[in-house]
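Worksheet for the structure shown next.
The values are calculated or read from the model by the stated rules, or taken from the named source; none is laboratory data. The model shown is predicted, which means the values in this text are computed figures rather than measured ones. Backbone-built Cβ (ideal geometry, glycine too); neighbour counts: all protein chains shown. Only protein heavy atoms, including side chains, enter the accessible area calculation; ligands, DNA and RNA are left aside. Shrake-Rupley method; radii C 1.70, N 1.55, O 1.52, S 1.80 Å.
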Amino acid sequence: MYRYTDFDAGFVAERNRQFRAQVERRIDGSLTEDEFKPLRLMNGLYLQLHAYMLRVAIPYGTLNSGQMRQLAYIAERWDKGYGHFTTRQNIQFNWPELRDVPDILDALAEVEMHAIQTSGNTIRNVTADHFAGAAADEVADPRPVAELIRQWSTDHPEFQFLPRKFKVAVTGSPEDRAVTAAHDIGLRIVETAEGGIAYRVLVGGGLGRTPMIGKVLHDALPEADLLPYLEAVVSVWNLLGRRDNKYKSRIKITVHEHGIDEIRRLVEERFAETRTAFTGIDQEMLAAIRSQFAPPAFEQASTGAFEAAYERDPVFRAWADANLAAHRAPGYAIAQISLKAHGETPGDASAAQMRVMADIAERFGHDELRISHEQNVVLPHLRKDDLPEIHAILREHRLATANIGKISDIIACPGMDYCALATARSIPIAQEIATRFDALKTEADIGDLKIKISGCINACGHHHVGHIGILGLDRAGVENYQITLGGDQGPDATLGSRTGPGFSADEIVPAIERIVDAYLDLREDRNETFLETYRRLGMAPFKAALYDKAEEARANAA
């Protein structure tokens with residue numbers, strides 16, 4: 001993984017020194033909150049419902065055991081003993097005291113981490129496939145390019161005051177585990193006819209109050225052109241983007257208003273200018289970065305112990321079936337650690353759990369961990385024969401829930417428990433759904449089904465691309481939950497369709513249960529997933545189950 005240069009370390013240290021002085025001025029009253037707000041946002045510090053929240057960048061979701069242990073230390077010393085992993089592969093600390101934030105930032109710098117550009121109208125943390133460098137289906141590791149984009153975009157003088165925030169995602173797999181189509185710019189590494197690689201560039205994706213799927217701007221961009229082309233895209237939007245209305249300021253609206261063909265023409269025009277400014281230093285930097293992402297030295301690994309445990313232990317077998325993914329190296333596997341134990345807060349990990357995961361990565365996993373946009377932790381390089389022991393350790397610390405991709409593996413934003421923008425609670429709804437289907441013992445039979453919950457129209461819970469999406473709103477002071485069906489975050493990303501009127505907090509879990517029961521009745525066999533059944537039959541039978549049965553239940557109750 002990438003290691004800081006002297007320049008990187010000096011840059012972060014100076015930013016921290018500046019922010020320490022700004023915090024001191026806020027505390028002594030020299031700065032008002034309005035004056036302090038843009039300064040704190042530049043350093044990832046939000047003011048939430050009950051306290052400040054610090055959002056820490058985990059670039060492209062990659063970190064080592066030392067960094068994970070430092071996050072655990074920060075959680076214990078300056079927070080409430082836990083951290084919350086987010087859909088942008090970041091971690092949030094929800095309870096820091098303002099006076100402690102400079103010390104937290106210095107502690108992060110000790111392990112080459114920071115909170116720069118995790119907020120504000122800038123280019124945010126660059127995200128990537130959480131299986132990067134390990135996946136069997138990968139065309140190329142996207143992390144070197146993600147790191148190059150991170151360096152280019154950090155403190156970029158032209159892009160510090162953009163019309164709105166700007167999010168970039170990169171994937172090296174045709175499966176698109178990075179949800180590139182829902183980003184301002186999505187980059188997909190593709191193979192060329194000559195056996196090299198190029199980049200399919202998508203632009204104008206995004207969720208929120210106006211969800212849109214990104215459109216292809218360039219089908220096969222050469223790697224040497226990538227940074228000048230990105231510079232051209234952001235430059236064009238920086239000039240065209242709406243600053244008169246923040247709800248129309250994202251690049252997706254710009255693309256929608258001007259059309260993809262006009263945007264392409266303007267980008268190509270600007271690219272002709274930016275291309276000449278890049279003399280090759282970016283490619284030299286990329287080559288140096290790529291050398292730091294060389295794969296581990298995989299050994300010829302046996303699988304006898306894994307196979308024996310798989311046959312003998314049904315609990316281990318269930319975990320292996322749900323939480324393991326194919327690795328590029330024979331005898332290895334990718335393990336996903338679910339942070340969705342039934343009844344717990346999705347994405348939360350205690351300091352003790354962070355240390356356990358760090359220890360496993362250091363001892364068994366080439367000292368690498370990943371954070372997924374689905375709010376889980378990934379160990380990308382594990383020998384299969386070590387997995388029975390790893391599973392036993394995870395079970396001791398409530399980290400062995402076998403539910404990846406299942407109905408209880410729910411993405412949920414913090415909602416009204418923390419967020420000042422939220423209009424409804426998300427976490428309790430996720431907890432109730434998970435515990436309900438755990439009690440029914442139907443999770444394995446249901447199979448792959450992705451539920452995503454947002455507590456407001458900003459859609460931080462990605463509900464638009466959930467197989468079942470839930471959006472919490474405020475209706476005359478009462479929480480009301482709308483349901484969408486048929487969303488998908490994969491390579492053929494699709495926005496879900498709204499079923500109809502929403503449900504109260506008391507009604508939403510039974511409503512989800514009716515949808516699932518309908519699916520189990522309607523599917524052709526156990527191999528047909530919820531999404532496949534929905535695509536085959538459409539909305540009508542699910543809508544009937546959702547609303548007709550609700551009316552029937554009300555009539556019976558009366």
Conditions (1) among the charged types (D, E, K, R); (2) over 29 Å from Asp517 (Cα atoms); (3) within 20 Å of the chain's Cα centre (by Cα): number failed by Arg395: (3)
All positions within region 1-27 that are open to solvent by 60 Å² or more (accessible area, probe 1.4 Å) and closer than 23 Å to Asn64 by Cα: Arg3, Thr5, Asp6, Phe7
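Mind checking which residues of region 135-171 are aliphatic (A, V, I, L, M) and either under 27 Å from Thr254 (Cα atoms) or open to solvent by less than 30 Å² (accessible area, probe 1.4 Å) (or both)?
Correct list: Ala135, Ala140, Val145, Ala146, Leu148, Ile149, Leu162, Val168, Ala169, Val170.
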Residue count, region 177-231 (criterion: part of a loop (DSSP other than H, G, I, E, B) and either among the small types (Gly, Ala, Ser) or surrounded by fewer than 17 Cβ atoms within 10 Å (Cβ to Cβ) (or both)): 12
Residues of region 438-492 that turn out to be within 30 Å of Arg317 (Cβ to Cβ) and among the aromatic types (Phe, Trp, Tyr), as a count: 0
Tally, over region 68-78, of residues that are touching a strand residue (DSSP E or B) at 6+ places or on another chain (Cβ under 8 Å) and surrounded by fewer than 22 Cβ atoms within 10 Å (Cβ to Cβ): 1
Count of region 38-88 residues which are under 18 Å from Met354 (Cα atoms) and part of a strand (DSSP E or B): 9
